[in-house]
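Since the structure comes first, as structure tokens, the remarks are kept for the end.
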Amino acid sequence: MNAYAGRMAFVDLTTSRCRTVEFDESFARTWLGGNGFAAKIIHENVAPGAAPYSPENVVVFAQGPANGAPFWGGNRGLVAAISPITNGFFDSVYGGDFAWALKQAGWDVVVIGGEAEKPVFVHVTPDAVRIEEAGEIWGYGVERAIAALRSRVGARSECAVIGPAAENRVVFGSVMCSGRRLSAAGRGGIGSVMGAKRCKAVVASGRRDFSFYDSAAVKDQFGRMKPGLLELGAGLREMGTPMLVNFINDRGMLCTRNNNAEVFENAARISGEVIRDTYKKRNIACRGCGLACGKSVAVPSGKYAGSQVKMPEYETLYALGSMLGNDDIVSIFNANALCDDLGIDTISFGVTLAFLIECSEKGILPSDDLKFGAQDGIERLVEATAYRRGRVGEYLAMGSAAAAKELGEESKEYLYTAKGLEIPGHSARGLRMTGISYATSHRGGTHHDGRQVYYPNDPPTDPGFSDMVLLSLNTFNNSTVGDCLLLCRFIHERTFGKALAENMVRFIGALTGWVDYSLDELTATAERICTLERLISVERGFDRRDDTLPYRVRTTPIPSGPAAGRYCGEEDLGRMLDEYYRLREWDDRGRPTAETLRRLRIARGEGSDLRIR
């Protein structure tokens, strides 16, 4: 079979059993890879009543058919589980080198279930999958853990590792993946699910051959797309995602001080331009990518003074910068590096901190540690979160939605979450498509499902809501395919576009040899996976009531700036939900109908060989 290793590893930490399952082309065409594989496996394994931290939950590392291909951005990986933040299906995509190493070792999927008695790691090689003791590295930070694992199993191995935050069940503990560019599967708390299983890491080493149907055709297709990619990606090559700080702030959509405003007066101090001109040292790329949107920066003071660390992404500059009213770029460098080493999602941490600061200002949680402005003590708050120290550390470790339940009804007005997940730096009020996208995503507050179609060519006037539902649905289908293949969003959207088209069909055909593949089949596959992801969450109790937006987004227009007056009111949201459900062929409560499940060939129980037990 072309483009796939054709093997899955199922690891039961409770019984210490590992077994191999081979899959055929029919399975590959039905679920494609990545999040399609993960959704099917989670649906087969995790009962609707199973708690996220229970042994019954599974963590699925899944690759895609583009991994290893001569096409930039194809060496990414995906990890999925039932999220401790949302209590629904959740997948998170990462870069670096680990996904490539896992595919090179001859595995498309590694599934981890059960719960070990003592800390362990899973070692994956072409010949075997083994569970090994990890007691000596439990408690290590990410960098130290990677070094220890490589010393033990080989310097050329790559690792997916959790830090102390996930070990301590901080709800947004991340999975950190090694490589020339350290990368986070940061969202959803999947690292903390690994921590609950006492699984410190998955390590991949060794090589097993696999092939593509027509590598020359893949290479030729990329060659024809490359000039346009380089043109559209010039800003990323120069500044990386921080190029968005000034861009979004100038449009009046940079959420500031817990989204009380959407213009940050000091945005230039934390911008891509200031990083490029003052702190940038070199470009860093994920495996096999020439775009090199990652950077390293020199830190002049603080915990990492005198070191070069990974440049914070735009989302981190938003979460640790404008959302906190923090214009101290060096404090963000230090806090970002510390979050990476402790295994903390910077988006959820920063947005949760912004929520608690507003609660402090409103007298709900009085604290001298919680103030908007330059964050001199942010490193201490990061550590307090990872180790659950003190009252503020405990609230931070809960995430903002759980903290609001403790703090009372008034505090819920200050949340910036969807389905409990802290919303990233793409305005839920200003960007018209994000309302329906955040509300309907199975992940909630993520910018990686429904995608903005206007960046960077914003329309001259407010587009309103009239076309947003179909645009969101089409980009969601497209993103789903990208997360099956697995392709970097930056490469995917700058080569294939933001909606499924024949160019993607040709690409998949060249990878796999499916010469009869069609756009209709690809679209049906995307719909099948989106609907299964929704079904998993619906079976866990989700419905229309969960497809909502923060109180401030629904009730309070942006107060000033170029996007002043925009918000997503209840009536607009309600109309969009009705249309979205109709287009998806779900019922009026957002539940996939029996007829839709039959049409898309979704059923539980037909994959008994996909079960841990």
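Quick note: the coordinates plus some simple rules give every number you see, no bench work behind them. Keep in mind it's a predicted model, so treat the numbers as computed, not measured. Glycine also receives a Cβ, built like all others from the backbone with ideal geometry; neighbour counts cover every protein chain displayed.
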Sort out for me the Cα centre separation of region 10-50 from region 249-307, rounded to whole Å. 38 Å
Ellipsoid equivalent to the chain - semi-axes via the Cα gyration tensor, in Å: 33, 28, 25
Listed residue (597, 283, 42) projecting farthest to the positive dipole end of the chain, Cβ model: 283
For residue 599, what charge total do you get from the other residues with a beta carbon under 12 Å from its beta carbon, if Lys and Arg give +1 and Asp and Glu give -1? +1
Taking the alpha-carbon centroid of each part, what is the distance from region 561-613 to region 322-385 in angstrom? 34 Å
Determine the sum of side-chain charges near residue 393: Lys and Arg each +1, Asp and Glu each -1, restricted to other residues whose C-beta is under 14 angstrom from that of residue 393. 0
When the charge dipole of the chain is computed with +1 at the Cβ of Lys and Arg and -1 at the Cβ of Asp and Glu, the Cα pointing farthest to the positive end, of 300, 482, 101, is that of 101
In Hz, Karplus ³J(HN,Hα) per residue of region 6-21 (6.51, -1.76, 1.60; θ = phi - 60°; x = Gly, Pro): x, 9, 10, 10, 10, 10, 9, 6, 5, 9, 6, 9, 10, 9, 10, 10
Give me P(r) over region 240-328, computed from all C-alpha to C-alpha distances, binned every 10 Å, as integer percentages. 18, 46, 28, 7, 0
Rounded to 0.05, the calculated FRET efficiency for the beta carbons of residue 20 and residue 371 at R₀ = 41 Å is 0.15
Would you mind listing how long region 1-155 runs along its three principal axes, going by Cα atoms, in whole Å with the largest first? 41, 41, 28
Please go through region 250-353 and write out the GluC sites (Glu not before Pro) that DSSP classes as loop and that have at most 16 other C-beta atoms within 10 Å. 265
With bins of 5 Å, the percent of all Cα-Cα pairs of region 388-494 per bin from 0 is 2, 11, 18, 19, 17, 11, 10, 8, 3, 1
What per residue convex hull volume, in Å³, comes out for region 432-610 when only alpha-carbon positions are used? 136 Å³
Evaluate Rg over Rh across region 187-292, taking Cα atoms for both radii and Kirkwood's formula for Rh. 1.11
Place a point 7 Å from the Cα of residue 207 in the direction of its beta carbon; the residues of region 58-87 whose amide N falls under 18 Å from it are 67-71, 75
When the gyration tensor of region 237-415 is built from Cα positions, what are the square roots of 5 times its three eigenvalues, in whole Å, from largest to smallest? 28, 18, 14
Write down the radius of gyration of region 97-155 and its Dmax, each obtained from C-alpha positions, in Å. 12.1, 30
Whole angstrom only: what separates the Cα centroid of region 180-225 from the Cα centroid of region 494-548? 20 Å
Cα gyration tensor of region 331-424 - equivalent ellipsoid semi-axes, whole Å, descending: 20, 15, 12
How much length, in nm to one decimal, is gained on full extension between residue 515 and residue 281, taken as 0.36 nm per residue of separation minus their Cα-Cα distance? 79.7 nm
Along the charge dipole of region 237-415, Cβ charges K/R +1 and D/E -1, which of 326, 373, 246 sits furthest on the positive end? 246
